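Novice: Here it is: the structure, laid out below.
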């Protein structure tokens, strides 16, 4: 696989398959005839291209920002309460069998 194919597969995984790289690799192999790498080889190649992928996202973001200057974005910074961790009591007591 070329670097472009690795990046395209990662983008297809993010857009159409909820980030599932395995399903995206299978899809790309079936529909586009790409040579498949094993999972570790693909992940290693993708991690090697992290800087390229981040630069690509920044470039696409800048292009979209210039194409739509009227767009406004609001960030919500409302604090959300965090649940506290609680210990779950041992389940054996909940299923105690009573003999008559």
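Novice: Once the piece of chain linking residue 71 and residue 59 is laid out straight, how much longer is it, given 0.36 nm per residue of separation minus the C-alpha distance between them?
Specialist: Gain on stretching residue 71 to residue 59: 2.6 nm.
Novice: Once a ≥ b ≥ c are taken as the square roots of the eigenvalues of the Cα gyration tensor of the stretch 5-87, is the result rounded (a/c under 1.5), prolate (a/b larger than b/c) or oblate (a/b not larger than b/c)? Write down the numbers at each step before the final one.
Specialist: Details: a/c = 2.39, a/b = 1.29, b/c = 1.85.
Judged from the Cα gyration tensor, the stretch 5-87 comes out oblate (a/c at least 1.5, b/c at or above a/b).
Novice: Find how many whole Å separate the alpha carbon centroid of the stretch 15-38 from the alpha carbon centroid of the stretch 44-64.
Specialist: Using only Cα atoms to place each centre, the spacing works out to 19 Å.
Novice: Now a separate question. Using mean Cβ contacts within 10 Å as the protection proxy, how do 13-20, 33-40, 73-80 order, highest first? Kindly include the intermediate steps, with their values, before the conclusion.
Specialist: Details: 13-20: 13.1, 33-40: 11.6, 73-80: 4.9.
In decreasing order of mean packing, 13-20, 33-40, 73-80 become 13-20, 33-40, 73-80.
Novice: Take peptides 42-52, 59-69, 21-31 and line them up by average Cβ neighbours within 10 Å, highest first, as a rough protection proxy. List each step's numbers first, then the result.
Specialist: On the way: 42-52: 13.5, 59-69: 9.4, 21-31: 15.5.
With the highest mean Cβ count within 10 Å placed first, the list reads 21-31, 42-52, 59-69.
Novice: Once you have the Cα-Cα distance between residue 78 and residue 29, take 0.36 nm times their residue separation minus that, and quote the gain in nm to one decimal.
Specialist: Values: separation 49, 0.36 × 49 = 17.64 nm, distance 4.38 nm.
Residue separation times 0.36 nm, minus the Cα-Cα distance, leaves 13.3 nm.
The numbers here are math on the coordinates, done by the rules we state, and not lab data. A quick note: this is a predicted structure, and the numbers were derived from the prediction, not measured. Virtual Cβ from ideal backbone geometry, glycine too; neighbours counted across all protein chains shown.
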